[in-house]
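Trainee: Attaching a single structure in structure tokens format; questions to follow.
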Amino acid sequence: MTKLARWARPGRTVLSTAISAVLITSCTSGSDSSSSPSPSSSTGARSASPSASRSPDGQESPAERHKRDDPSLFRGFRSWLKTNDTTRDDGLVQHVLALQLSYDDGQPAGTVDVLTDYGPWGSAEKEVAPLADAFRTWWDNDPSADTASFRSQGGKTVKKVKLHSDGKPTNLLGEFRSWVAGHTENGKRQVKHITSLSIGYGKRGTGAVTVSTDYLAYRESGTQGHIDALARDFVAWWDGDDGADSVTVTSGDQGIHAKRKLTTR
């Protein structure tokens, strides 16, 4: 079961499971009028950035509270770039096109993929450096991902940075698999077929979850039933959290899938 907990830092929200915490974020962008929160921690405790979320009398403003509570990793990072105390970060906002948080079987933590508009003619490696440094600062050693890859507009990975190193990583896929095994009738047979989980974040709304499986429609007539069951299981496990608004479960050959809403808003 996932639960949202608020952080004091603008642009951040904690998505934690019954076992430990995972991740989400807050922010505004260009034509975006909304904003949202960021990565998770097992304690849910963070220090607030100086004055960024406080009015002159020391109270958090309604605008900052809205940013902090909007659960989109993409908008959360962009919001932080605009609201922190480093003015140089304001110009980096326009270069962030999309974010994706991915979890694979057997990995201790997730990875973040950041698509940018840098490049494509060989300059992206240098151009992306300030953005990568800002992202690592914003991530703040959160255990829900241990590396971030930054891609140029041509899709090439031009920089990788380490995000987490304290020995207590979190894998959202592993936590979902554990819940399925312990809370569903056929869970112990199903978990071996769940291969990866990712949450994509863009300019529109909150995240979209994709759960991939190795079920093959042409080999097993019951594939659709298994996919539908996993989609229902994910909705139950997600438990209405705001960090994503839909989940799609796919088969290994992409021939079968099921999509369900995760939130009621």
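Trainee: Pull up the stretch 201-228, narrow it to residues that are farther than 16 Å from THR263 by Cα and among the small types (Gly, Ala, Ser), then point me to the one that is surrounded by the most Cβ atoms within 10 Å (Cβ to Cβ).
Mentor: The extreme case among them is SER212.
Trainee: Are any residues in the stretch 118-140 outside any helix (DSSP H, G or I) and exposed (fewer than 15 other Cβ atoms within 10 Å of the Cβ), and if so, which ones? Show your work before the answer.
Mentor: So in the stretch 118-140, the residues outside any helix (DSSP H, G or I) come out as 118-123, 128, 140.
Once the filter is applied, which keeps residues that are outside any helix (DSSP H, G or I) and exposed (fewer than 15 other Cβ atoms within 10 Å of the Cβ), the stretch 118-140 yields PRO120, TRP121, GLY122, SER123.
Trainee: Of everything in the stretch 228-249, what is of a type in the set (Val, Ile, Thr) and either within 17 Å of GLU175 (Cβ to Cβ) or modelled with pLDDT under 95 (or both)? Give them in sequence order.
Mentor: VAL235, VAL247, VAL249
Trainee: Can you name the number of the only condition in (1) over 21 Å from ASP104 (Cα atoms); (2) touching a residue at least 40 places away in the same chain (Cβ under 8 Å); (3) in contact with a helix residue (DSSP H, G or I) (Cβ under 7 Å, 6 or more places away or on another chain) that ASP140 fails?
Mentor: Condition (3) is where ASP140 drops out.
Trainee: Is the stretch 188-196 home to any residue that is surrounded by 14 or more Cβ atoms within 10 Å (Cβ to Cβ), in contact with a strand residue (DSSP E or B) (Cβ under 9 Å, 6 or more places away or on another chain) and of a type outside the set (S, T, N, Q)?
Mentor: Yes, some residue in the stretch 188-196 is surrounded by 14 or more Cβ atoms within 10 Å (Cβ to Cβ), in contact with a strand residue (DSSP E or B) (Cβ under 9 Å, 6 or more places away or on another chain) and of a type outside the set (S, T, N, Q).
Trainee: I'd like the full set of residues that are more than 17 Å from VAL209 (Cα to Cα) and of a type in the set (Asp, Glu), limited to the stretch 103-125.
Mentor: Hits for the stretch 103-125 are ASP117, GLU125.
The values are calculated or read from the model by the stated rules, or taken from the named source; none is laboratory data. Treat the numbers as computed from the prediction; the structure is a model and nothing was measured. Using ideal geometry, Cβ is built from the backbone for each residue, glycine included, and neighbour counts are taken over all protein chains shown.
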